[in-house]
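**Student:** One structure follows; several queries about it will come next.
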Amino acid sequence: MAQSASERERSFVALYERHYGSVLTYARRRTDEASARDVAAETFTVAWRRSGEVTRMDLPWLLRTAALVLANQQRSGRRQQRTADRLAAQPRQVAADPSTDRPGPARVARALDALSPDDRELLQLVAWERLSTSGLAAVLGCTSGTAAVRLHRARRRLRAALDAADDSADHPAPAATPRRATS
Amino acid sequence: MTARTGRALTDLVAGLDPETGRPQGEVDRRALADLASILSGGAPEPPPGASPPPGASPARRRRHLAVPVAAALAAVLLVLWPGGGPGGGGGTALAATPAPLTYLALPAGTDPRQLLTQLAARTATLPDDTGTGRYAHLVSRDWNLSTSVEGRRVTSAVVPQLRESWIAPDGAGRVLTTVERPGRSPRREDERYRSGELSGSPDLRSLSADDRVLAEQLERDHPVENGPAERLVALKDTYRQVPVPPAVRAGLLRYLAATPTLTATGTVTDRAGRTGVAFSLDSDYSGLPTRYTLIVDPDTGKLLASEDTLTTRAGALNVAIPSVIGYTMHLAATYTDRIAS
């Protein structure tokens, strides 16, 4: 049932206070600071316009919207270049821990780079945004069952990619690959 | 081959998180400025060349900031800019608000409960006039106090909006909104929604005419513990979302009749020129003492309009007391199979 105007506004401010940080952090992971701020503002603008009409507006819904906003934004070549520049400038940890069989970050990065953008985004949503399967489903716009299957398959492909990389040296991944971009 | 659990794989990917070690984003000054901008309709423009996401529109709708949020935002801004809070700085003129309606008193001793019960009895005998079809077609006109926060100042204006919607039970539909902006040309938005994107209100389409069942249905989303004003909100929300057949209308009138401290305000001509009977409740439920008024058509039992009026103080808002701060007119509500082209 819809809320009254004042309730809707109160709910929206509460939503903003609760999730602004998470949406901003989500965007920061995928673009530069200025663009991330724009993505957060645009995401909540959409949320505000649709508050009271969307049946369930929560963090997964916001992240889904942010992903769409980000995808639109990254059609702008200038911003995409800024993203690539930022990522290229970022130092990467490259050393594996010799005391375990845990692969080093560079190997994990290479394995992720070998996956499809969809698989990569899905795995990052779970690992970086700490989404549950139901949250993941809401972001992806599918059922929980479908999300679970897609996650299972993405993990299987990541395992295979990691195993394929096990025998190679753990050297730095190509730093200019904007693997955190959504597009 | 190395066996790795899903958890272990997640940990590996988490190790690549570029935000590791950096504080989580927070609602800082920039975020508050964005919030104020969003609520006042002046949202940031999209990046060049961007197309809007589904459900978004290139144009930004000027929306309404009602009293509690305005007050909350004012409080936040006061914290951020002590010594010069919203409305401060002097010189901010009182905002224009709609003239209050003129209520003609009912005969002394009129009991609102009895009057509503009589209206309900008459309404229950009426033939269904809501039609049939997949879409709930609703037309309403709203006024709400719109508050924009610009630096240290809150300015307010009355912003009328005409809303026409066609919404299917599955949440698909179309919403046409025309926003009349002071000193500027009206802004028209036309948004189409896919299944599941709107609240199709299937539960409201099957409201019961039985008082006990109806109360349970309404109170699912409008908890009794919120106080008597919540009963009026339940009626307003229902009429905002679905056409209401006479039998349910009668039930809603009986539900309203059971509202503690409700008064019969008088007969009134609403802003669309329709004659109705007004019932009011005073409450500080939404943050500031407010009179909530519902105007009912004595012939059809329909909710014609609702009106919210600040009665004793305006908080951080620059409006006179008393001031009408919100108004909704329900202009049409029927079911149809066709969305207008």
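**Student:** If you take the beta carbon distance between A:Asp118 and B:Ala320 as r and set R0 to 60 Å, what does 1/(1 + (r/R0)^6) give as a FRET efficiency, to the nearest 0.05?
**Tutor:** Working: r = 57 Å, r/R0 = 0.95.
Computed FRET efficiency for A:Asp118 and B:Ala320: 0.60.
**Student:** Quick one: 3J(HN,Hα) in Hz for the range A:107-114, Karplus 6.51/-1.76/1.60 with θ = phi - 60°, rounded, Gly and Pro as x.
**Tutor:** Result, ordered by residue: 5, 4, 4, 5, 5, 5, 4, 7 Hz.
**Student:** Please give the charge dipole size of the range B:231-327, origin at the Cα centre, charges +1 on K and R Cβ atoms and -1 on D and E Cβ atoms. Round to the nearest 20 debye. Could you put the intermediate results ahead of the total?
**Tutor:** Working: 10 positive and 8 negative charges, 31 e Å.
Here the range B:231-327 has a charge dipole of around 140 debye.
**Student:** Applying the Karplus parametrisation 6.51 cos²θ - 1.76 cosθ + 1.60 with θ = phi - 60° to the phi angles of the range B:121-128, what ³J(HN,Hα) value in whole Hz is obtained for each residue in order, glycine and proline being reported as x?
**Tutor:** With coefficients 6.51, -1.76 and 1.60, one gets 4, 5, 4, 4, 8, 6, x, 5 Hz.
**Student:** What is the ratio of the Cα radius of gyration of the range B:176-325 to 2.2 N^0.38 Å, where N is its residue count, to two decimals?
**Tutor:** 1.15
**Student:** Something else: Starting with the highest mean, order B:246-259, A:36-49 by the number of other Cβ atoms within 10 Å, averaged over the residues of each peptide. Don't skip to the end; give the middle numbers.
**Tutor:** On the way: B:246-259: 23.2, A:36-49: 24.9.
The densest-packed peptide leads the list: A:36-49, B:246-259.
**Student:** If amide H atoms are built 1.01 Å from N in the plane of the peptide, which residues on other chains or at least 5 residues away come under 5 Å of the amide H of B:Lys302?
**Tutor:** It is B:Asp297, by chain and number.
**Student:** Amide H neighbours of B:Ala209 under 5 Å, at least 5 residues apart or on other chains, H built in the peptide plane: list them.
**Tutor:** none
**Student:** Give me the percent relative contact order of the range B:165-226, please, defined on Cα pairs under 8 angstrom at least 6 residues apart.
**Tutor:** 29 percent
**Student:** Take the eigenvalues of the Cα gyration tensor for the range B:242-341, scale each by 5, and report the square roots as semi-axes in whole Å, largest first.
**Tutor:** Values: eigenvalues 145, 62, 33 Å².
Semi-axes, largest first: 27, 18, 13 Å.
**Student:** Mind listing the long-range amide H neighbours of B:Thr265? Cut-off is under 5 Å, sequence gap 5 or more, other chains count too, H placed in the peptide plane at 1.01 Å from N.
**Tutor:** B:Ala278, B:Phe279, B:Ser280
Read-outs: derived from the displayed coordinates by stated rules, not from any lab. The shown structure was predicted, so the numbers you read here are calculated from the model rather than taken from an experiment. Note: ideal-geometry Cβ built from the backbone for every residue, glycine included; neighbour counts use all protein chains shown.
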